[in-house]
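For reference, the structure is listed below as structure tokens.
No lab work stands behind these numbers, since they all come straight from the coordinates. Computed from a predicted structure; not experimentally measured. Neighbour counts are summed over all protein chains in view; Cβ atoms, including those assigned to glycine, are modelled from backbone coordinates with ideal geometry.
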Amino acid sequence: MAISNEQNSDDKPISSIPSSLPPPGLSINQLAALHSRERLLVHPLRWSDRQVALLDCRIHFFEDAGSAASHGNADTNTDPLAPKSRLELFLADNLRLRFTWDEFIDITRRLLRPPGGHLSVENQQITSLYFNKRPCANIMYCRISLPPKSPTRRPITFACFNHDETGLVRRMFFSPVKNPIYGMNGPGIYRQTTLLRLHRPADPLKDPFLVAVLISLAQQKRRRAPKPESRSPSFKVRLLFPTGKDSKSFNIFMANVQASFLDKLDFPHKEPAVNSGLDIYHRQIPTLPFQTFPRRLRRALTLDFCGETKGAVGTGGLRRRIGKKRVRADI
């Protein structure tokens with residue numbers, strides 16, 4: 001839950017209480033009053049696993065076995081290598097670095113551009129995360145529409161978000177005010193370092209800010225829905241973002257966001273409906289091998305993998321399957 005732009009809070013960890021399911025039937029305001037010693041209503045850049053758990057959000061991580069298998073086959077293949085295309089050479093030069101916003105959009109456009117077709121790209125769009133029907137945080141993204149394979153189908157629309165820049169945005173958010181006389185602000189820099197250590201996740205893929213981005217996209221889709229469909233029971237959202245530096249991969253978050261979940265944020269004083277949680281489904285597409293990466297990325301964006309899961313993170317730890325054994329690791 002997130003919603004104050006204030007930065008004058010304690011530098012202590014957000015919560016020493018392990019993430020758990022919220023008590024049933026309590027509104028967001030009641031939860032905030034129940035845990036009065038914690039700062040739950042904060043800006044999304046200050047979110048932790050605590051906010052994700054109390055909103056009853058679960059992330060189901062699912063590695064694309066097909067891409068992993070193709071990667072393994074590429075490493076063990078002894079056939080002569082085919083001449084590299086321009087796109088492969090371009091990817092080899094650019095996918096080893098952290099992206100700027102323009103680089104990420106340019107690479108995504110090259111990867112998804114259909115041969116002889118048109119790709120609709122709406123760059124630098126702004127969405128807002130709403131709490132109590134008021135905008136509390138603005139988020140920049142790019143909207144891309146893939147043309148359908150047949151005229152009877154609708155285009156696949158998704159949002160692109162450059163997660164490589166989230167760390168920089170978070171650092172600027174916590175940046176101290178300069179001393180008007182001496183310039184440097186020693187205590188402020190120390191506080192910034194402490195806040196970054198507390199709010200910067202070790203794994204960028206598990207950054208709670210990504211959950212806030214997905215929720216804001218669903219809220220925007222609800223606001224823009226035609227009047228007869230404004231009470232639609234759910235809103236499907238796709239989010240494409242990169243992670244990693246040395247071994248970069250592209251990731252997709254997909255969710256059917258229920259209207260009852262969005263109501264919890266629009267009406268924080270009301271008790272939530274039963275089963276008003278949020279399930280987010282993840283698919284990771286490794287960039288290697290470069291030859292098949294564009295095809296694998298387009299295929300993953302057109303699939304509806306909501307409901308496919310091998311593990312969930314958010315309220316009950318991380319589950320993953322290794323061979324025929326199931327391993328549970330608390331986070």
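Each label was represented as a point 7 Å from its Cα along the Cα-to-Cβ direction; for Leu119 and Asp263 these points are 4.0 nm apart.
Among Trp101, Trp47, rank each residue by its count of other Cβ atoms within 10 Å, from fewest to most, as a rough exposure measure.
By the 10 Å Cβ count, ascending, the order reads Trp101, Trp47.
Averaged over residues, the count of other Cβ atoms within 10 Å places the peptides 271-279, 283-291 in the sequence 283-291, 271-279, highest first.
Sorting Arg153, Arg296, Arg191 by the number of Cβ atoms found within 10 Å of their own Cβ, with the fewest placed first, yields Arg153, Arg191, Arg296. When each of the peptides 157-164, 31-38 is scored by the mean number of other C-beta atoms lying within 10 Å of its residues, the order from highest to lowest reads 157-164, 31-38.
Each of Arg295 and Leu198 was given a label point 7 Å from its Cα along the Cα-to-Cβ line. The distance between the two points is 5.0 nm.
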